[in-house]
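Since the structure comes first, as structure tokens, the remarks are kept for the end.
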Amino acid sequence: MQRIVDFLISNDLNFHLFKPVPENYQCWFHRGSLPCTEFENYFEFHQSVSEPLPVGIPLNSEACQFLVVFPNDPNRFLYLKSEIERLVPEVKVVRTSSPLETGYIWMEIFHPLVSKGNGVKFICDTLQIDHQHTLGIGNDYNDLDLLEFTNFSYLVANGPSDIKERFLAAKSNEESAFAKAVENHFRNQDNR
């Protein structure tokens, strides 16, 4: 964790570091030197459960996830991802689009086994549900693990264009994508 903190600070990035479960609604934050409206908007929602990250002294705590916010630059994301994974190979770095504004990338860093796909796999294993009977719907890059696990995987129409061809098409999230995908799926199953 400290290697990632040091790397993010040395790259002058704005980020949040979430405390371990079950206190993972609380976080530390670090502001880089460049103003970032998106970071401030997110911080505004969470300031009551946030505290400044101690700088210059090792953080004597565990954590569950980093959230790094920077202007939309896919090449910068790929560079940061490769450097972080090289520096700390025991983590996963995931890109996601900002739910607050366009024009920003959110980069999440966490344990490699943490994913929506592994969550659904755990539920299937626990309840003895065959993987062939799973359906997933996603809207962004952070849903890739889920969509790669589920047998019938839908991506909403307003999802990232560079991954659309990999999944079944769904309406946009503005058009009841989930309900329509489930309805169409079961209608198609009934017609077989």
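Observations, loosely collected:
- Applying the criterion of being assigned to a loop (DSSP other than H, G, I, E, B) and β-branched (Val, Ile, Thr) to the residues of the stretch 73-99, the residue that is nearest to ASP140 (Cα to Cα) is VAL91.
- Members of the stretch 1-30 that are within 20 Å of the chain's Cα centre (by Cα), surrounded by fewer than 17 Cβ atoms within 10 Å (Cβ to Cβ) and charged (D, E, K, R): GLU23
- Taken as a whole, the structure leaves THR102 outside the set of residues that are more than 30 Å from ARG3 (Cβ to Cβ) and not assigned by TED's automatic domain parsing to the domain that holds THR37.
- Residues that are in contact with a Cys (Cβ under 9 Å, 6 or more places away or on another chain) and among the hydrophobic types (A, V, I, L, M, F, W, C) within the stretch 82-129 comprise PHE110, VAL114, listed in sequence order.
- A count restricted to the stretch 156-192 and to residues that are within 19 Å of THR134 (Cα to Cα) and in contact (Cβ under 8 Å) with a residue 24 or more places away in the chain stands at 7.
- Residue count for the stretch 177-192, restricted to those that are part of a loop (DSSP other than H, G, I, E, B) and either surrounded by 13 or more Cβ atoms within 10 Å (Cβ to Cβ) or hydrophobic (A, V, I, L, M, F, W, C) (or both): 0
- If you go through the stretch 46-69 and keep only what is surrounded by fewer than 11 Cβ atoms within 10 Å (Cβ to Cβ), at negative phi and assigned to a loop (DSSP other than H, G, I, E, B), you end up with VAL55, ILE57, PRO58, ASN60, GLU62.
- The residues on offer are SER61, SER82, SER97, and the sole one that is small (Gly, Ala, Ser), modelled with pLDDT of 95 or more and assigned by TED's automatic domain parsing to the domain that holds PHE43 is SER82.
- Neighbours by Cβ (under 8 Å, 6+ apart or cross-chain): first from the stretch 101-128, β-branched (Val, Ile, Thr) and surrounded by 17 or more Cβ atoms within 10 Å (Cβ to Cβ); second modelled with pLDDT of 90 or more and in a helix (DSSP H, G or I): ILE105/PRO74; ILE105/ARG76; ILE105/PHE77; ILE109/ILE4; ILE109/ILE84; VAL120/LEU146; VAL120/PHE149
- Of the residues in the stretch 134-145, none is over 17 Å from the mean Cα position of the chain (by Cα) and loosely packed, with under 13 Cβ neighbours inside 10 Å.
- The set of residues in the stretch 148-192 that are more than 21 Å from the chain's Cα centre (by Cα) and basic (Lys, Arg) comprises LYS171, LYS180, ARG187, ARG192.
The values are calculated or read from the model by the stated rules, or taken from the named source; none is laboratory data. These figures come from a predicted structure and were not determined experimentally. FYI the Cβ positions are ideal-geometry reconstructions off the backbone, even for glycines, and counts take in every protein chain you see.
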